[in-house]
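For reference, the structure is listed below as structure tokens.
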Amino acid sequence: MRMKKEVNHGALLRELAGSLSSTVTSFEQMSARPAQSFPDYKKARAVYHEIQAMIFTIGDKADSRPNDAPRELKSWLIRMRLRSIAAFTRVSLAFFRNPPQLLVHALGAYEILQHEREAFTKVLADYDMMLFEAGIDDKTADELDRVRVNMEEVVERLENLLKTAPPQLTVF
């Protein structure tokens with residue numbers, strides 16, 4: 001017969017939040033170095049997706065046991081999400097300002113660029129709501145407004161790259 005171990009959900013949330021915080025901080029430091037190749041960019045994107053998954057996992061765990069979660073957890077998670085978006089935007093903007101020619105002109109480039117544009121467009125659509133929900137100060141709001149402008153530039157650059165990318169392969 002197995003004995004079920006009692007889980008302290010408050011401690012678990014604190015541990016997950018600490019892990020998230022250190023991952024976001026590491027990602028911000030990593031974003032200061034531009035991605036030199038598409039594999040470097042893919043690694044940065046994978047870390048960004050991992051952070052988003054951590055945020056949603058913590059949010060789900062907090063929602064399932066609201067009495068164990070700190071009152072400000074939801075707004076803190078939004079701020080973590082905004083920080084990770086800002087870091088990934090820096091990586092993306094640096095990468096797509098001067099993308100490798102092989103990426104832009106290779107077969108399959110259209111699909112890659114289109115996927116990136118769609119992903120950034122979705123985040124951009126949610127961005128203003130996140131700013132409102134985070135309840136941030138004016139200085140931080142100004143910084144995040146610059147991030148929004150950079151996100152718009154990434155989308156614009158991707159749209160321009162799509163114009164010159166080889167067309168999608170079609171099935172005969």
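The values are calculated or read from the model by the stated rules, or taken from the named source; none is laboratory data. It should be emphasised that the depicted structure is a prediction, and the values quoted were computed from it without experimental measurement. Cβ: placed from backbone, ideal geometry, glycine included. Neighbour counts: every protein chain shown.
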Please determine, by comparing only the residues of the stretch 113-122 that are in contact (Cβ under 8 Å) with a residue 24 or more places away in the chain and surrounded by fewer than 18 Cβ atoms within 10 Å (Cβ to Cβ), which one is nearest to the chain's Cα centre (by Cα).
Thr121
Verdict on Phe88 being out of contact with any Pro (no Cβ under 9 Å at 6 or more places or on another chain), closer than 13 Å to Arg157 by Cα and of a type in the set (Phe, Trp, Tyr):
no
Residue pairs, Cβ under 9 Å, 6 or more apart or interchain, first in the stretch 61-88 and farther than 27 Å from Ala46 by Cα, second among the polar types (S, T, N, Q). List them.
Asp68/Asn8
Scan the stretch 17-62 residue by residue and report those that are basic (Lys, Arg) and in a helix (DSSP H, G or I).
Lys42, Lys43, Arg45, Lys61
Do we find that Ser92 is in a helix (DSSP H, G or I) and either over 24 Å from Lys42 (Cα atoms) or in contact with a Leu (Cβ under 8 Å, 6 or more places away or on another chain) (or both) in this structure?
no
Filter the stretch 75-107 down to the residues that are surrounded by 17 or more Cβ atoms within 10 Å (Cβ to Cβ) and not hydrophobic (A, V, I, L, M, F, W, C), then identify the one that is farthest from the chain's Cα centre (by Cα).
Pro99
Among the residues of the stretch 134-161, how many are under 17 Å from the mean Cα position of the chain (by Cα) and of a type outside the set (A, V, I, L, M, F, W, C)?
7
Would you say Asp60 is modelled with pLDDT under 90, out of contact with any strand residue (DSSP E or B) (no Cβ under 8 Å at 6 or more places or on another chain) and more than 24 Å from Glu118 (Cα to Cα)?
no
For Arg71, which of the numbered conditions (1) in a helix (DSSP H, G or I); (2) surrounded by fewer than 20 Cβ atoms within 10 Å (Cβ to Cβ) fails to hold?
(1)
